[in-house]
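Working notes, structure below.
The values are calculated or read from the model by the stated rules, or taken from the named source; none is laboratory data. As the structure is a prediction and not an experimental result, all values here were calculated from the model. Every residue, glycine among them, receives a Cβ derived from its backbone with ideal geometry; neighbour counts consider all protein chains shown. For accessibility, only protein heavy atoms count, side chains too; no ligands or nucleic acids. Shrake-Rupley method; radii C 1.70, N 1.55, O 1.52, S 1.80 Å.
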Amino acid sequence: MKTELSAQLFTQAKALIPGGVHSPVRACRSVGCDPLFVSKASGCTITDVDGNTFLDFVGSWGPMILGHAHPEVLDAIRQTALDGTSFGASSPLEVELATQVCAAVPSIDMVRFVSSGTEATMSAIRLARGYTGRKVVVKFDGCYHGHADSFLVKAGSGVITLGIPGSPGVPDDIVRNTLSIPYNDVAVLEQTLRDPSLDVACVIVEPVAGNMGVVAPKPGFLRVLRELTRELDIVLIFDEVITGFRLAPGGAQEHFGILPDLTCLGKIIGGGLPVGAYGGRREIMSMVAPEGPVYQAGTLSGNPLAMAAGLATLRVVRRPGFYEELNEKSAWFGAELEKIAARSSVPTTLNRVGSMMTCFFAADPVVDYASALRADAARYGQHYRQMLAGGIWLAPSQFEAAFVSAAHSRQHLQQALDLAELSFKKLMD
Ligand SMILES: *Cc1c(COP(=O)(O)O)cnc(C)c1O
């Protein structure tokens, strides 16, 4: 594989940008590679500056559920751009996307658009604290909620991959108000929430974890979480930045039939442009400025291009049969991958919910952060390099999801399976 131009760009980038990248996992360190620089992407393929084309299972880390450069999304962006790219004022597209989001996501009565998932989660906990007048945020080990100070405690993929516990620069005073407990452990959850010495404002959870690799909630986990938070008047926040419009139009809350008080969205609702959103019960959302006293603002919030790209994406996913087809294709792909792994006798555990999945190089079930960390990340690195050399673009970390998009045909998926079979054989040599 020719990589001269990527290598040259990486050298330039390292002198100008910390680590040569604008987001840490992109540096590909944990899989022992240097990053490839992308020049373009279309459908389920991505092409680097040296002209190598790969089948893409990263999907920009989740947004590209339709695949790249979908014609309807591009048309919407192009048409909207002709009328200007930012107004710093209200525009009809915001109302249209808000209508779509409130109609699709069962627990959202009102929504506020921001420019990233990080802003959405950060604003949601501010709101929960403002609403309850309490301080403590409970999160789960291995869940990632963006890079705001309060969340950088056992924070999933990027942080796991770098092997650092939290982050310097985050004051103890802030982290003291964040409690991180094991995912899928109802006993610890109940004990924590009922602890009278704690002043819990909210619990934030990825209803399907995607940032320690994919980990599904155990049956009953989300229901118990909902019942306890309701009983104790604690705000329950679902971080559906990945799962929103990924598992179903109404996200994981529709999929599992459990409704939170607040929901964070991002990724898919921006159709590949920078966006985030938080929304929920009218009573709580009415506390947001200027209707209420909890301040939150944004120069580019509700950006017309992002709204247009999001609207075009939602229009496509709302067509009849979209999720049935995507989830069915993904189920077939996951099942075939499991068969291949079984034939090769490489110990693996495949976790899949809908079109998001992770093949852990672990013999035992992966149900939380501790069991995810038992996966063989070095073996993943070897698998990653073998797949890349064969034309498959996977996430450069064991602790990430692979995403199937609407643009992946059965032939594309079969191509990935054939290569995985070869790669697993080499892993056993
Ligand atoms: C990606 C992600 C975020 C952060 O979104 P950004 O747009 O990267 O700031 C938050 N929560 C979850 C679950 C995510 O996957």
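When His383 is tested against (1) open to solvent by 20 Å² or more (accessible area, probe 1.4 Å); (2) within 21 Å of Ser30 (Cα to Cα); (3) more than 20 Å from the chain's Cα centre (by Cα), exactly one condition is not met: (1). Evaluate segment 264-277: report whether one residue or more is under 30 Å from Asp83 (Cα atoms), within 16 Å of the ligand (Cβ to nearest atom), charged (D, E, K, R) and under 19 Å from the mean Cα position of the chain (by Cα). Scanning segment 264-277, I find at least one residue that is under 30 Å from Asp83 (Cα atoms), within 16 Å of the ligand (Cβ to nearest atom), charged (D, E, K, R) and under 19 Å from the mean Cα position of the chain (by Cα), so the answer is yes.
Considering segment 191-226 alone, what residues qualify as being without any contact (Cβ under 8 Å) to a residue 60 or more places away in the chain, farther than 28 Å from Gly354 by Cα and surrounded by 15 or more Cβ atoms within 10 Å (Cβ to Cβ)? Of everything in segment 191-226, those that are without any contact (Cβ under 8 Å) to a residue 60 or more places away in the chain, farther than 28 Å from Gly354 by Cα and surrounded by 15 or more Cβ atoms within 10 Å (Cβ to Cβ) turn out to be Thr192, Leu193.
For residues that are open to solvent by 60 Å² or more (accessible area, probe 1.4 Å) and modelled with pLDDT under 80, scanning just segment 164-176, find the one that is nearest to Val138 (Cα to Cα). Once the filter is applied, the top-ranked residue is Pro165.
Checking each residue in segment 349-372 for being assigned to a loop (DSSP other than H, G, I, E, B) and either hydrophobic (A, V, I, L, M, F, W, C) or open to solvent by 40 Å² or more (accessible area, probe 1.4 Å) (or both) picks out Phe361, Ala362, Ala363, Asp364, Pro365, Val366, Val367. Name every residue in segment 215-254 that is away from the ligand (no atom under 11 Å from the Cβ), in a loop (DSSP other than H, G, I, E, B) and hydrophobic (A, V, I, L, M, F, W, C), in order of residue number. Passing the criteria: Ala216, Leu232, Ile234, Phe245, Leu247. State all residues of segment 130-153 that are within 16 Å of the ligand (Cβ to nearest atom) and not aliphatic (A, V, I, L, M); if no residue qualifies, say none. The answer is Lys139, Phe140, Asp141, Gly142, Cys143, Tyr144, His145, Gly146, His147, Asp149, Ser150, Phe151.
If only residues of segment 123-133 that are farther than 24 Å from Phe221 by Cα and out of contact with any helix residue (DSSP H, G or I) (no Cβ under 7 Å at 6 or more places or on another chain) are counted, the one that is least open to solvent (accessible area, probe 1.4 Å) is Ser123. Just one residue in the set Ile77, Ile65 is at pLDDT 95 or above and under 20 Å from Gln414 (Cα atoms); that residue is Ile65.
Scan segment 134-156 for residues that are open to solvent by 10 Å² or more (accessible area, probe 1.4 Å) and of a type outside the set (Phe, Trp, Tyr) and jot them down. If the condition is that a residue be open to solvent by 10 Å² or more (accessible area, probe 1.4 Å) and of a type outside the set (Phe, Trp, Tyr), then Arg134, Lys135, Val136, Asp141, His147, Ala148, Asp149, Ser150, Leu152, Val153, Lys154 are the ones that fit. The condition (being under 20 Å from Thr45 (Cα atoms), touching a residue at least 60 places away in the same chain (Cβ under 8 Å) and surrounded by fewer than 22 Cβ atoms within 10 Å (Cβ to Cβ)) is satisfied by just one residue among Val316, Val346, Val294: Val316.
Residue by residue, here is whether (1) of a type in the set (A, V, I, L, M, F, W, C); (2) within 16 Å of the ligand (Cβ to nearest atom); (3) free of Cβ contacts under 8 Å to residues at least 60 places away in the same chain; (4) at negative phi holds:
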site: Met64; (1), (2), (3), (4): yes, yes, no, yes
site: Gly67; (1), (2), (3), (4): no, no, no, no
site: Ala76; (1), (2), (3), (4): yes, no, no, yes
site: Phe87; (1), (2), (3), (4): yes, no, no, yes
site: Ala104; (1), (2), (3), (4): yes, no, no, yes
site: Ser107; (1), (2), (3), (4): no, no, no, yes
site: Ser123; (1), (2), (3), (4): no, yes, no, yes
site: Ala128; (1), (2), (3), (4): yes, yes, no, yes
